[in-house]
1. Are any of the residues in region 227-235 buried (at least 20 other Cβ atoms within 10 Å of the Cβ), of a type outside the set (Lys, Arg) and over 30 Å from Arg101 (Cα atoms)?
2. Which of the residues spanning region 56-100 are among the acidic types (Asp, Glu) and open to solvent by 60 Å² or more (accessible area, probe 1.4 Å)?
3. Any residue in region 99-112 that is within 14 Å of the ligand (Cβ to nearest atom) and at pLDDT 95 or above?
4. From the list Val195, Val162, Val148, Val121, pick out the single residue that is assigned to a helix (DSSP H, G or I), over 21 Å from the mean Cα position of the chain (by Cα) and either of a type in the set (Val, Ile, Thr) or within 21 Å of Thr17 (Cα to Cα) (or both).
5. Looking for something crowded, with 20+ Cβ neighbours inside 10 Å, of a type outside the set (Lys, Arg) and part of a helix (DSSP H, G or I) - is there at least one such residue anywhere in region 251-263?
6. What is the number of the single condition among (1) free of Cβ contacts under 8 Å to residues at least 24 places away in the same chain; (2) of a type in the set (A, V, I, L, M); (3) within 13 Å of the ligand (Cβ to nearest atom) that Ala116 does not meet?
7. Of the residues that sit in region 37-58 and are more than 10 Å from the ligand (Cβ to nearest atom) and charged (D, E, K, R), which one is nearest to the chain's Cα centre (by Cα)?
8. So which residues in region 96-141 are touching a Gly at 6+ places or on another chain (Cβ under 7 Å) and among the β-branched types (Val, Ile, Thr), if there are any at all?
Amino acid sequence: MNKRPIGVFDSGFGGLTAVRRLRGLMPCEHIIYFGDTSRVPYGNRSRDTILKYARQDTRFLRGFDLKAIVIACGTVSSNCLPQLQAENDIPIIGVVEPAVRRAAALTRSKRVGVVATRATVASGAFQQALTALDSDITVFSHPCPLFVPLVEEGRCRPEDPVIRLVAEEYLLPLREEGVDTLVLGCTHYPLLTEVISQVMGPEVALVDSGAESASALQALLTEQDALSDDGGGVSCYTSDRAADFQRLASLFLGEDSAIQAQQIDISQY
Ligand code: DGL
């Protein structure tokens, strides 16, 4: 038994898709979420900048007495996980390994697509992890830089002509490659599941990387006998206006209850 909270961070709202799964799997856990909304997106930045931001995010969260951290951000996970793990003495879980394990288990054709930010695709992390698991898998990666700003604008509905057009532009080449499994390597993308599914077709399985990281954490805490039996809850912190965060957070969390958030100055960490 371990009642200490779990820290979760992302560049913005996307990581809340991982929190949604964490809440579903482990409702007794208390989650401290940080969304770096003043500096989103991370996915178009250099590795050095992403690491600097990720260290600050981690330092802020370490101000709480945490039992583990989930990096609910594909960009940070694929560029900085080993450094953050080496610098911290609590378990830190990223989204890459959990997502590729799921994709490798699902694919039959051994043709797997990965959609993510530019920095994630450039890192090659998903591709390397997939082929390390199964060398017969061919990986087709595609950056989708417009997805994050559209999601942050709440443009997620499949009938929205803008998101539809952008999704077709990004995804049709992957469909033509005949992938049967598509990894959503950015935690914002599960908000676009409906439109992505419509473009790719019902026979293509989608892997939600944030949700897979939540399942991986549950397995770890169970193995370590470190689950909580408390009431559970989510405390949200953001680096920009709390009101903006609160407005979109309920959409990402899929919870009706109003989400309260507190603004912090991340440059101090
Ligand atoms: N949720 C982040 C990720 O998974 C968003 C990307 C960004 O900040 O550019 O990569």
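1. Taking region 227-235 as the starting set, the residues that turn out to be buried (at least 20 other Cβ atoms within 10 Å of the Cβ) are 234.
With the extra rule that they be of a type outside the set (Lys, Arg), the set shrinks to 234.
Narrowing further to those that are over 30 Å from Arg101 (Cα atoms): none.
No, that holds for no residue.
2. Pass one, region 56-100, residues among the acidic types (Asp, Glu): 57, 65, 87, 89, 97.
Within region 56-100, Asp65, Glu87, Asp89, Glu97 meet the criteria.
3. Residues of region 99-112 that are within 14 Å of the ligand (Cβ to nearest atom), as a first pass: 99.
Filter once more, keeping what is at pLDDT 95 or above: 99.
So far as region 99-112 goes, yes, one or more of its residues are within 14 Å of the ligand (Cβ to nearest atom) and at pLDDT 95 or above.
4. Numbers: Val195 fails: over 21 Å from the mean Cα position of the chain (by Cα); Val148 fails: over 21 Å from the mean Cα position of the chain (by Cα); Val121 fails: over 21 Å from the mean Cα position of the chain (by Cα).
So the residue among Val195, Val162, Val148, Val121 that is assigned to a helix (DSSP H, G or I), over 21 Å from the mean Cα position of the chain (by Cα) and either of a type in the set (Val, Ile, Thr) or within 21 Å of Thr17 (Cα to Cα) (or both) is Val162.
5. To start, the set of residues in region 251-263 that are crowded, with 20+ Cβ neighbours inside 10 Å comprises 252, 259, 261.
The next check asks that each one be of a type outside the set (Lys, Arg); those that pass are 252, 259, 261.
Restricting the remaining residues to those that are part of a helix (DSSP H, G or I) gives 252.
Yes: one or more hits.
6. Here Ala116 clears every test but (1).
7. Applying the filter and picking the extreme gives Asp57.
8. Residues of region 96-141 touching a Gly at 6+ places or on another chain (Cβ under 7 Å): 99, 109, 111, 114-120, 126, 140.
Passing the criteria: Val114, Val115, Thr117, Thr120.
The values are calculated or read from the model by the stated rules, or taken from the named source; none is laboratory data. A quick note: this is a predicted structure, and the numbers were derived from the prediction, not measured. Here the Cβ is made from the backbone with ideal geometry for all residues, glycine too, and neighbour counts use every protein chain on show. Heavy atoms of the whole protein, side chains included, go into the accessibility calculation; ligands, DNA and RNA do not. Shrake-Rupley method; radii C 1.70, N 1.55, O 1.52, S 1.80 Å.
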